[in-house]
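Beneath this line is the structure, given in structure tokens, with notes to follow.
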Amino acid sequence: MEETYLINHPGVRKKILAGGTGPLPHFPPGTKVLVFHFQTLLDDFERTVVDDSRLAGRPAEIFVGKMFKMEVWETLLMSMRVGEVAEFWCDAMHTGLYPIVSKGMRLIAQGKDPLEGQKHMCGMGNLFHYHSTGFPELDELMKTPQPLIFIMELVQVGDPMSYHRESWMMEKDEKLRTVPLLHMQGNALVKQRKFREAASRYKEAVLLLKTVQSREMPGDIDYINLGRMIIPLELNYCQCMLELEEYYEVIEHTDELLHKHKGKAGYYKRAKAHAAVWNEKEARRDFNMVASLDVTLASLVGRELRALSERMKEKYWEEKEAYWNMLEKTQDKEEEDQGSGGDGTKEQGGEENQEISEGGELSPGAAGDHEEACSATISPTSPQHSIIFKKRTLNDALASCRWTESRRTWNRWRRCVFR
């Protein structure tokens, strides 16, 4: 078929290579071209291939009316029928941004983020900032813009409502209509104890509201109302994170929330998170803030503070027991080292063990002899002095009282000695 200029679009020529079926599709804003393959060629004698979506292993997708960088591609595809294959010649005035588009598509085909490493600026700004796309043939196109040939195949045109629409594709009213639905879905998932899925719904709703809020003037009534809508969603998200034991996530979100809105629910959730990660000072501060904001919650706060005190005591004794076990291991190692020093040391250790009766007692005389031996062999400045001193104190306590094999009794005496 002969080449023809597209109507009302200068600098573009089209040649149909294979006809499509049916009438020209209707393209409302937001329509997704589900499948279209393309091949990019240089306008030279060899018709050098720059890109081929089939070689990349995946088709390309665009959304009509959503400010795609290659605006001319929307015009090309909207002139095609489903199943049609056509060749388009485009003047250099339409192809200046092609290196940016090509780079993004190549990174996506490699499974990488197309925005990785970019700063918050326009695409051209990023190119000038980094001086290169990372692909020599694309850099050459950037230096010398030139006409390009695109061979395209339009496979299917999708219904705008036949797929999950991303937030950036939604208009303001559509986003505001979606938020209550996400809120209800999250509440239903919480009742089913699917906290991870519920948290994703709440988070998506928050992002939609923040996107809308970012377009409003801070301090305006709409800006304030949107902020009020965000608060319960943020609190629900934090509650899900508490259930999932993601305590530092809760602390981070409640810090940001309380910076803008100082409510008792935010303080309570942050207090629970601090208590779970043993931040006693911060947890007490937030619990007390809850009680000061609402006196009717004083009894609840009292129970939480008592529970926090019990947990901190348990943690204290667990850590103390761990330190004691470390001390025992160090003492046993020192005794083994002393026992391997010579026969005399071994005999002395044997006599020491014989002085301990089968019932677990250590006679006062034996304890005294042991103290003299320790004093004679180890000076106060030696590294082993602290360990032997604690052992001597413990032996004195055991010599003055019988103790049973009960671990509770043993822990009581140990606490008395090392408090």
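Straightening the chain between residue 295 and residue 338 buys 9.1 nm, computed as 0.36 nm per residue apart minus the Cα-Cα spacing. Filter 172/194; 191/260; 172/210; 175/203; 172/203 down to the pairs with a C-alpha to C-alpha distance above 20 Å, please. Listed pairs above 20 Å: 172/194; 191/260.
Accessible surface ranking for 326, 78, 70, 1.4 angstrom probe, highest first: 326, 78, 70. Residues of the range 303-320 with amide nitrogen under 11 Å from the 7 Å Cα-to-Cβ point of residue 280? Output list for this probe position: 308-317. Accessible surface of residue 176, taken over heavy atoms with a 1.4 Å probe and every protein chain present, rounds to 60 Å². Multiplying the residue separation of residue 307 and residue 243 by 0.36 nm and subtracting their alpha-carbon distance yields 21.2 nm.
When 62, 108 are compared by accessible surface with a 1.4 Å probe, the order from highest to lowest is 108, 62.
When a 1.4 Å probe is rolled over the protein heavy atoms, the share of accessible surface on the range 172-311 that falls to carbon and sulfur comes to 54 percent.
Spin-label pair residue 318-residue 262: with each label point 7 Å from Cα along the Cα-Cβ axis, the two points sit 3.4 nm from one another.
Modelled label positions at residue 173 and residue 331, each set 7 Å beyond Cα in the direction of Cβ, lie 8.0 nm from each other.
Applying both filters, DSSP loop and at most 15 other Cβ atoms within 10 Å, to the trypsin sites (Lys or Arg not before Pro) of the range 256-340 gives 262. Site pair residue 211 and residue 18 shows an inter-label distance of 3.6 nm when each label is modelled 7 Å from Cα along Cα→Cβ.
The Rg/Rh ratio for the range 172-311, using Cα coordinates for both the radius of gyration and the Kirkwood hydrodynamic radius, is 1.01. Maximal additional length on extending the residue 109-residue 137 stretch stands at 8.3 nm, based on 0.36 nm per residue less the C-alpha distance.
Heavy-atom accessible surface of the range 172-311, averaged per residue, reaches 58 Å², computed with a 1.4 Å probe. Evaluated at q = 0.17 Å⁻¹, the base-10 log of the normalised Debye intensity for the range 255-348, with identical point scatterers placed on the Cα atoms, takes the values -0.77.
The values are calculated or read from the model by the stated rules, or taken from the named source; none is laboratory data. Here the structure is a predicted model, which is why all the values come from computation and not from measurement. Neighbour counts are summed over all protein chains in view; Cβ atoms, including those assigned to glycine, are modelled from backbone coordinates with ideal geometry. To get the accessible areas, we keep the full protein, side chains included, count just its heavy atoms, and leave off ligands, DNA and RNA. Shrake-Rupley method; radii C 1.70, N 1.55, O 1.52, S 1.80 Å.
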